[in-house]
Each structure stands twice: as C-alpha cells, then as structure tokens.
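> Before I ask anything, here is the structure I am working with.
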Amino acid sequence: MSSRKVVVTGLGALTPLGNNVQDFWNGLTEGVSGAAPITKFDASKFKTQFACEVKGLKVEDFIPRKDARKMDLFAQYAMISTDEAVNDANLISDKLDLDRVGVIWASGIGGLRSFQEEVTSFAQGDGTPRFNPFFIPKMIADIAAGHISIKYGFRGPNFCTVSACASATNALLDAFHYIKSGMSDVIIAGGSEAAVTEAGVGGFGALKALSTRNDDPASASRPFDQNRDGFVLGEGAGAIVLEEYEHAKARGAKIYCELTGGGATADAHHMTAPHPEGTGAARVMEMALQVSGLKPEDIDYVNVHGTSTPLGDVAELKAIEKTFGEHAYDLNVSSTKSMTGHLLGAAGAIEAIASIKAMEMGVVPPTINNSELDENIDKRFKLTLNKAEKREIRAALSNTFGFGGHNFSVIFKKLED
C-alpha cells in the first residue's frame, strides 16, 4: 500500500434527526427517534404508515428554485450536505487544484420520486408520451455526483457507487483507494437517498422488510430487541471530505481523524437475507483490519449495520464474535439506525459521520428502543442500550451490508503524527 495517508477534513449531514452535523449529533447522543407518521404522501392504506423523514428543510434556502426544479430530492439532499462538508473543510480557494479533486457519490436507488411521478403521469394519460425533459437526468443515480462537480468545478474522478444499502461505504472505500493511489488529493464522498415515496414504502413493505408498528412509530426501529419486526425507512444524506494528509496539512486544514482502510466482500448466499452465520460480514471486518494494519483489540467501537431485522442483527453479532474473539465483549457496539431509520444508500455515510463524531467527542451513541434483549444474543455484548456512554475511542469500525449480499466496512482512527 502507498504511504499516502487519508484523513477526514469536512463533514456534512442532512438527517431525520437534524439538518446539519451538530443537530444530527445532538439527536444521536440524546437518544431521539426520527420516526413519525409519513407526511410526503397519504399512507393511510399502506401496511407501514411511518418513516424517518427529513424535517423542516427549505430547499430554496440552499438551492435556487430554478436549479432545484431540475433535480430529484435525492440530488438536492446531496448538494445540501456537500455544501456543509465543503464549508466545514474550508476547501475552496484559488490554490486548490481542481483537477485533483473528485466526487464519488452513492445512492442505492436514485431519483425514485421522479421516476414514479413520470411513469404514473404517463400511465394515467392517453398514451401520448408527455415526459419532463429533465426526467432522465433527474432519475439517474450518478447525477448527484455530476451536480456537485459542476457547482464547484471539481474535475477529478466523478462517479456513483451502487451496492444497495452498502453504497455509501462503497463510495468511501473507493475514495480511499483513489487518494492512496495518488490519482486524487481530495475526494468528496458520501451518499443520499429520498425513497419515502409510495413506490419505496410499498415496495419494501411487499418484501415484509418494514416494521408495521403504526401505533408507536418512535419505538419501531429496535435493533437487538426480542420484538423487532423490521426496519424503518429513512432519508437524507451524508458528505465527507477525504484528503491526502500532506495536502491537508499544507493548507492548514482541520483534521478530524484518519481513514485507515476498509474491506469489501460478498455473502454469495441470498438475494435479500444475510448469511445466517455472518461469514461474509466477518471476512469484511477482518479485511478492514488487515488493510488498516490494526489488531482486533485496537478497535473500541463498532457502528453496526443493525437494521432491526430478525435475521440481520443476530448474524452481524455472530460475525463480530468471529472477528474480535473475546475482545468482542470489550468494545462498544451500537446501531444508530434505531434513531435515524435506514437511509439505504446514504446509510454508510451518515453512520461514518456518527463514528467520527463518537471518536472526536468520546461518546458512544446508544441503541434506543431496547426493552427485551433477543434471547439469541449473548448478554456479554456492550450494545450501549438506550443511553449514550462516555468512552475514549481510539478507532471505530463502521459496517454496512446490502441486498445482494454486499458487505463493506471502513475504519477510522485518531490521527497519529
């Protein structure tokens, strides 16, 4: 591996808990649930009538109305979170070599609302093809990366990663390798999703993947709980500025931490279900440790995929036991999806930010809504149930897994000069 070091210099978040990094972090540490009845459409006939929506956002405060009309909501979310991250990194200057700055952005689905609206309108018509000329550019998943590069003039690598719910961590790992290899000095990496639509909720509902706890949405996302019944759909975006260490140092950038490496594997098992023994998940964490040059005992916190599904939660903990051995019971584990819901292709970015902030602040965000631990889960795990916990975190590992058996892990650690 190249000796080039990859560091984090900027963060941006748009989430069901808050529309910037600080509000997001405050919501996490306070154990706030972002779940509530759906407002984006009439969900009264749906089996699941709630989601974790972004709240109180005025897009026109960030994007001119004429430009926003040409973007699906997922791309608008990408632009807003990136703006915060770029400003946080104090990145833009006359000295920045724009040919060395890239954008690797993720979305598991892309412009679902735009697709739904255009196809529905056509189906309700007389067969005459009356489509919005921006239909295709609004829908395609790579367009968010394109919009970001156009706004800032970034001329480096520019593409989209799509690996279902692992997409954003896929983007982070790709960005890591582009910087390590010397092809780029800076990459804006992250992901966005806006799938709280009739098609999104109906489709995941038909899979029986969603919780149907309509009487109490706030407690519906309950990883590791005996009575969990599926995940809660979320939306939003997370943006991370990744930068080569010497480049960041030369411009006097604030450095949060180092991204030491990651891993990518496949379960090769099932279209939607994880391997019940967590074999692929264990291998991806082992790979992340190996690439990072770290030992299992170097990790203090694991932000798990932890979607609140009966199969997934147990399989992931089995994988942690395989990877970390006895140290599995010494590190803190938590699922921030208990508060944000599942942001699908954006999940990995948001959870990476949660991991970075946990390390910076010395606080492990909790897994909320746990009242009765699943009987299949070893009680020795420190699952950080219901309340945040103070802890010095030297290194944190973040997992994301996707339909199709995609497994990605990344590791962040405190910078050592």
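> Determine the pairs where a residue that is touching a residue at least 40 places away in the same chain (Cβ under 8 Å), located within the range 295-307, has a partner that is β-branched (Val, Ile, Thr) and in a strand (DSSP E or B) with Cβ atoms under 6 Å apart, the partner being 6 or more residues away or on another chain.
If the second residue must be β-branched (Val, Ile, Thr) and in a strand (DSSP E or B), the pairs left are Tyr301/Val364; Val302/Val333; Val304/Val333; His305/Thr400.
> Kindly state which helices (runs of 4 or more DSSP H) lie completely within the range 308-417 and contain at least 1 residues that are touching a residue at least 12 places away in the same chain (Cβ under 8 Å) and of a type in the set (Phe, Trp, Tyr).
310-324
> May I ask you to list pairs of residues, at least six apart or on different chains, whose Cβ atoms are under 7 Å apart, with the first in the range 269-291 being farther than 9 Å from Ala319 by Cβ and the second being among the hydroxyl-bearing types (Ser, Thr, Tyr) and assigned to a helix (DSSP H, G or I)?
Glu286/Thr323
> Here is a follow-up. When only residues in the range 222-256 that are touching a Lys or Arg at 6+ places or on another chain (Cβ under 6 Å) and surrounded by 20 or more Cβ atoms within 10 Å (Cβ to Cβ) count, which is nearest to Lys337 (Cα to Cα)?
Per the criteria, the residue is Arg222.
> Inspect all residues belonging to the range 202-209 and state whether any of them is small (Gly, Ala, Ser) and open to solvent by less than 10 Å² (accessible area, probe 1.4 Å).
Scanning the range 202-209 turns up no residue that is small (Gly, Ala, Ser) and open to solvent by less than 10 Å² (accessible area, probe 1.4 Å).
> Output the qualifying pairs, or none if there are none: Cβ atoms under 8 angstrom, residues six or more apart or on different chains, first residue in the range 228-252 and among the acidic types (Asp, Glu), second residue open to solvent by less than 10 Å² (accessible area, probe 1.4 Å) and assigned to a helix (DSSP H, G or I).
Glu235/Tyr77; Glu235/Ala346; Glu243/Ile179; Glu244/Ile179
> Determine which member of the set Ser121, Ser163 is touching a helix residue (DSSP H, G or I) at 6+ places or on another chain (Cβ under 8 Å) and among the hydroxyl-bearing types (Ser, Thr, Tyr).
Ser163
The values are calculated or read from the model by the stated rules, or taken from the named source; none is laboratory data. Predicted model only: the values in this text are computed from it and were never measured. Glycine gets a Cβ as well: all are built from the backbone with ideal geometry, and neighbour counts include every protein chain shown. Calculation scope for accessible area: heavy atoms of the full protein, side chains included, ligands and nucleic acids excluded. Shrake-Rupley method; radii C 1.70, N 1.55, O 1.52, S 1.80 Å.
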